[in-house]
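Chemist: Handing you a structure now.
The numbers here are math on the coordinates, done by the rules we state, and not lab data. In this text, all values refer to a predicted model and were calculated from it rather than measured experimentally. Cβ: placed from backbone, ideal geometry, glycine included. Neighbour counts: every protein chain shown.
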Number of protein chains: 2
Amino acid sequence: MATSAGSAPVTAARKPVRAAVIGGGVIGGGWVARLIQNGVDVGIFDPDPEAPRKVAEVMANAEHAIGRLTMAPLPAPGEMIFARSIADAVAGAELIVEAVPERLNVKQAVYAEIEAAASAEALITSSTSGILPSDLQDEMDRPERLLVAHPFNPVYLLPLVELVGGRSTTAENIERAASFFAGIGMHPLRIRKEIEAFVADRFLEAVWREALWLVKDGIATTEEIDDAIRFGFGLRWAQMGLFETYRVAGGEAGMAHFIAQFGPCLKWPWTKLMDVPELTDELVKTISDQSDTQSGMHSIRELERIRDDNLVAIMQALKANDWGAGRTLSAWETALYDMVPAAAADDSTDRPIETMRQQVPAAWTDYNGHMNEARYLDCFSMATDAVMRRIGVDAGYLAAGGSYFTVETHIRHLDEVTAGSEIFATSQVLHGAGKKLQLFHHLYAAGGDGESQEPRLLATGEHMLIHVDINSRSSSLPSDAVAAKLAELAAAHDALPRPEGAGRAIGS
Amino acid sequence: MATSAGSAPVTAARKPVRAAVIGGGVIGGGWVARLIQNGVDVGIFDPDPEAPRKVAEVMANAEHAIGRLTMAPLPAPGEMIFARSIADAVAGAELIVEAVPERLNVKQAVYAEIEAAASAEALITSSTSGILPSDLQDEMDRPERLLVAHPFNPVYLLPLVELVGGRSTTAENIERAASFFAGIGMHPLRIRKEIEAFVADRFLEAVWREALWLVKDGIATTEEIDDAIRFGFGLRWAQMGLFETYRVAGGEAGMAHFIAQFGPCLKWPWTKLMDVPELTDELVKTISDQSDTQSGMHSIRELERIRDDNLVAIMQALKANDWGAGRTLSAWETALYDMVPAAAADDSTDRPIETMRQQVPAAWTDYNGHMNEARYLDCFSMATDAVMRRIGVDAGYLAAGGSYFTVETHIRHLDEVTAGSEIFATSQVLHGAGKKLQLFHHLYAAGGDGESQEPRLLATGEHMLIHVDINSRSSSLPSDAVAAKLAELAAAHDALPRPEGAGRAIGS
């Protein structure tokens, strides 16, 4: 089987059925968060008694970030199982992620324990930032299944993962890994030859070296260096990299001309900074003090949230432009929408169908201390989407050019609800024939914890939808298959009582 | 006068009254575009007969980009005057920007011509990416007024400008330059000591060197290198730089601990790539061919637009989070709004009042490729809040225990709108007396870029609200002050025609 190099598309993205993560630090915790959020069960092993707390902190950040990143229907979260041993963690795992300290002998000892207990088919990936996979796999029984899968912090948000095989790794296993990582929303980059530090970290290393000299020589402080990056080329690099940026700068004359112009600078006497500066206590203190001045007004937790909110906003911005990391986000969302019809789906027809259920996020609360009025329509929109999928309007149908657009909405906001409460919606087809679909939703707070035992009616939503041809954006008839499913549901719901409040106008 | 170092705020941002730009290439043209867009008249000199065409191309890109970047009221564009000589170009200019080829003798000859004709008070800034200002000013009559102001392509969008003084430059002149550049929406970064290539380009240089080795050794292609940047650390660097990112990664243990962990990597045997690779014809051809494969499907003009649209979207995303380059954008917009006298709140009563205006965020887009139905209610909720503030229901009123809750909503979704479009709402009071408040909103897409010139009606929203006592959560009368303001607005709006669609029920 041939290896697809570089950023070639992954032919069959498929998330692993079960995974294990060995090591619960920032990187291991980030892997756990990404996997869990994608509905993958994860066994974790870390001997540190603080690991569960640390992983829980990363999970909290990840939930906040991913809740803001996408409106696509996330699967039910995977189960997180803290295991007592590596053997327990890896049992039954299809993908085993190693994220332990960067020492070859430590990693090799972990692989020996993994191999003694894991399935013979399990794929093992190392999160190392620099050790060669040929060295890592050197003492393994089945070295062909080990490769480096180097992620970037925060792992639950940044899409890049560098895949690097060693001399024994098979091309087939690199493709399996690419499929798994694409399946959890990442951008696998297959590195063609192994080299210390791979690709991205070589750049980070080079920049770090220059930055240390600049601080040491008093040219710029840590904050000034960061500003030189984030107000300038950092904005370019979030979307294009080095070469495409220079291609544009070079203009019509082309890349070769650009290199001819820029190349000679390489020979200028800037070589001093290629040495490695001595990391004296004094230099470490200078950096540490400057960093305190720059960022000390924010706690690390605050900085994490700021960073994640910015990453979310940047990725959404790129998604709107269908470019780079935004395109990776789109592909992941499409897959999430695809996964929904198979999952759940209330298939009763003798009563309104349950079409959404979740907790009220804190972010949905407004200055009145309750779920904001606009969030009621979020709930009804989700309920409408569930009815859509039920009648066969799924990602495939959308891709083929059909959809329903809402043309009219009537909401009665009957009661308040607060953050953390469990809410659910039921949906009834009032009319479904030809181009038209009229829906009536009830939104409830579930009984139980903090609520009375009976569900409490929060709102009703009445909606008129029209089927459209997504290309011409004009009304059209649904496919025969969708029409048939809708007719069946509409006929069953015709037997239900007409809901109180249907057909009402404001103030009537 | 003391120099404020680094990114210290500029105390008195003030754009120059008139400027000159010597050199009309990509950088010179970018300076012209930024100055003109900020209402500054610019004299240009470039002996190349193609210069007017090249500058016009940059101007077209800049107009497209800045039109999307901000909704703030731009001043009338400055005048662009192609001069027949340097003397003509610099006459009367307060700021003279030099952007000629990177050769010391060429630049020095240009300064001699400038000094022969310019005002004695004119500030002269060089756009050089690497030559020391002390060398540049060495033969000048008034060397104290020359400094480097190194911008980044595209100059009309990227906010960074590195300010570097030479041995004769006065601190006062560096502050004058900082004030001018802040006045045209930039982020001046004062570099503490002069050094070849200053700060940002040292990093670009280091990364470029590594990248050449990686291509030469067949580790990665130009596209793979770009992907390693833009799917990973490039997203981090658009918002935080190197040190703040690592501070977060290091966690509670602090920066010194992070360096202790990461520092030793510097001693690993990765030194080969610190040499400068020979730029053989073969290597240049390899890069050029790979770049064609990567980006050749887009013309340079297309790539420029893609780059600019992405930069705009990223800066808007950061603005929403009040961070980094987004904060620079906000400051510039605030200054633009300040310059427009009495453009304040809409206090008309003879027509529906404007109650919200913004661009459609990318995150509001759903699988149908348009603003999701639920976001229509977000817009109307914002419009309702604006009416609330207008009648005195503000933070103080809420704290005192009064508010309005929406009890019923009717939306007609009349047309689609996509991410990036400017939308606005107008609001009319249909009824406002006792505990009740009935509102009718219209949501429009503004005319302009990508839209027809006339606003396009997207939706109407009709809403019934009830005044409540926030403590008892039961209905109550508003305060006399609120009731009076509401009565006044309601009386004025009673004279307006009743909006089409008011009082409608679904399917009626």
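Chemist: Placing the label point 7 Å from Cα along the Cα-to-Cβ direction, what are the distances from B:Asp138 to the equivalent spots in the other copies, shortest first, in nm to one decimal?
Modeler: 5.3
Chemist: What's the angle, to the nearest 10 degrees (0 to 90), between helix B:104-117's Cα axis and the longest principal axis of chain B?
Modeler: Around 70 degrees separate the two axes.
Chemist: If you take each beta carbon of peptide A:365-375 and count the beta carbons of other chains within 10 angstrom, what is the mean?
Modeler: Counting other chains' Cβ atoms within 10 Å and averaging over A:365-375 gives 5.
Chemist: Also, quick follow-up: When the scattering of chain B is computed by the Debye formula from its Cα atoms alone, each counted once and equally, what is log10 I(q)/I(0) at q = 0.06, 0.11, 0.12 Å⁻¹?
Modeler: The Cα Debye sum returns log10 ratios of -0.40, -1.07, -1.18.
Chemist: If we restrict to alpha carbons, what Rg and Dmax does segment B:353-494 come to, in Å?
Modeler: According to the Cα coordinates of segment B:353-494, Rg and Dmax are 16.2, 49 Å.
Chemist: Per residue of A:318-327, how many C-beta atoms from partner chains lie within 10 Å of its own C-beta, taken as a mean?
Modeler: That works out to 6 on average.
Chemist: In the protein assembly as shown, with Lys and Arg counted as +1 and Asp and Glu as -1 at Cβ, which of these residues, A:Leu329, B:Ala481, A:Gly402, has the Cα nearest the positive end of the dipole, that is, farthest along it?
Modeler: Value: B:Ala481.
Chemist: How much of the DSSP bridge set in chain B is antiparallel, in percent, rounded to the nearest 5?
Modeler: Roughly 65 percent of the DSSP beta bridges within chain B come out antiparallel.
Chemist: Going by how many other beta carbons lie within 10 Å of each one, how would you line up A:Ile225, B:Ile411, A:Ile300, B:Ile174, fewest first?
Modeler: A:Ile300, B:Ile174, B:Ile411, A:Ile225
Chemist: Using 7 Å Cα-to-Cβ label points, what is the A:Ala112/A:Lys285 separation (nm, one decimal)?
Modeler: 4.3 nm
Chemist: Placing +1 at every Lys and Arg Cβ and -1 at every Asp and Glu Cβ, with all other atoms neutral, what dipole size does segment B:353-494 have around its Cα centre, in debye to the nearest 20?
Modeler: 480 debye
Chemist: Run the dipole for the protein assembly as shown about the Cα centre, Lys and Arg Cβ at +1, Asp and Glu Cβ at -1, nothing else charged, and hand back the magnitude in debye, nearest 20.
Modeler: Using only the charged Cβ atoms, the result is roughly 940 debye.
Chemist: Could you pull out every one of the lysines with an alpha carbon less than 23 Å from that of A:Lys319, ignoring same-chain neighbours closer than 8 positions?
Modeler: A:Lys15, B:Lys319
Chemist: Hey, for B:Asp289 with labels 7 Å out along Cα-Cβ, what do the inter-copy distances come to in nm, ordered shortest first?
Modeler: Those label-point separations list as 5.4 nm.
Chemist: Can you tell me the relative contact order of chain B? Whole percent, Cα pairs under 8 Å, sequence separation 6 or more.
Modeler: Here the relative contact order equals 11 percent.
Chemist: When DSSP assigns beta bridges and you keep just the ones with both residues in the protein assembly as shown, what percent turn out antiparallel, to the nearest 5?
Modeler: 70 percent
Chemist: Name the long-range amide H neighbours of A:Leu458: under 5 Å, sequence gap of 5 or more, or other chain; modelled H, no Pro or chain starts.
Modeler: A:Leu443, A:Tyr444, A:Ala445
Chemist: By how many degrees, between 0 and 90 and to the nearest 10, does the Cα long axis of helix B:281-295 differ from the longest principal axis of chain B?
Modeler: The angle comes out near 10 degrees.
Chemist: If you don't mind, there's one more thing I want to ask. If the cut-off is a Cα-Cα distance under 15 Å, which aspartates and glutamates reach A:Lys435, setting aside same-chain residues fewer than 8 apart in sequence?
Modeler: A:Glu408, A:Asp469, A:Asp480
Chemist: Could you state the per residue volume, in Å³, of the convex hull enclosing the Cα atoms of the protein assembly as shown?
Modeler: 183 Å³
Chemist: Also: For the protein assembly as shown, what does -39500 (n - 2.57) per DSSP helix run (n ≥ 4), summed and divided by total residues, give at 222 nm, in deg cm²/dmol to the nearest 500?
Modeler: Rounded to the nearest 500, it is -12500 deg cm²/dmol.
Chemist: Taking the Cα centre of segment B:84-169 as the origin, how large is its charge dipole in debye, to the nearest 20, when only Lys and Arg (+1) and Asp and Glu (-1) carry charge on their Cβ atoms?
Modeler: Dipole about the Cα centre, nearest 20: 160 debye.
Chemist: While we're looking at this one, here's another question. 7 Å along Cα→Cβ for the label point: how many nanometres lie between B:Gly67 and each equivalent label in the other copies, listed shortest first?
Modeler: So the label point of B:Gly67 gives 4.0 nm to the other copies.
Chemist: Any idea how far apart B:Ser474 and A:Arg103 come out in nm if each label point goes 7 Å out from Cα toward Cβ?
Modeler: Simple spin-label model gives 7.0 nm for this pair.
Chemist: ³J(HN,Hα) across segment B:152-161 via Karplus (A = 6.51, B = -1.76, C = 1.60, θ = phi - 60°), whole Hz, x for Gly/Pro?
Modeler: With the stated coefficients, segment B:152-161 comes to 10, 6, x, 4, 6, 10, 6, x, 5, 9 Hz.
Chemist: Another question, then. Just rank B:Ser381, B:Ser475, fewest to most, by other beta-carbon atoms within 10 angstrom.
Modeler: B:Ser475, B:Ser381
Chemist: Okay, moving on. What average number of partner chain Cβ atoms lie no more than 10 Å from the Cβ of the residues making up B:304-312?
Modeler: Mean inter-chain Cβ contacts per residue within 10 Å come to 5.
Chemist: Could you name the lysines whose alpha carbon sits less than 29 Å from that of A:Lys285, not counting residues in the same chain fewer than 8 places away?
Modeler: Once the sequence-local lysines are set aside, what remains near A:Lys285 is A:Lys54, A:Lys216, A:Lys272, B:Lys193, B:Lys267.
Chemist: For A:Arg375, A:Arg456, which order do you get if you count the other beta carbons within 10 Å of each Cβ and list the fewest first?
Modeler: Lowest count first: A:Arg456, A:Arg375.
Chemist: Could you compute the longest span of chain B free of GluC sites (Glu not before Pro) located in DSSP loops and having at most 11 other Cβ atoms within 10 Å, not counting the site residues?
Modeler: By the stated rule (loop sites, at most 11 other Cβ atoms within 10 Å), B:279-499.
Chemist: Choose one of B:Gly503, B:Ala200, B:Asn471: the residue whose Cα lies farthest towards the positive end of the charge dipole of chain B (beta-carbon charges +1 Lys, Arg; -1 Asp, Glu; about the Cα centre).
Modeler: B:Asn471
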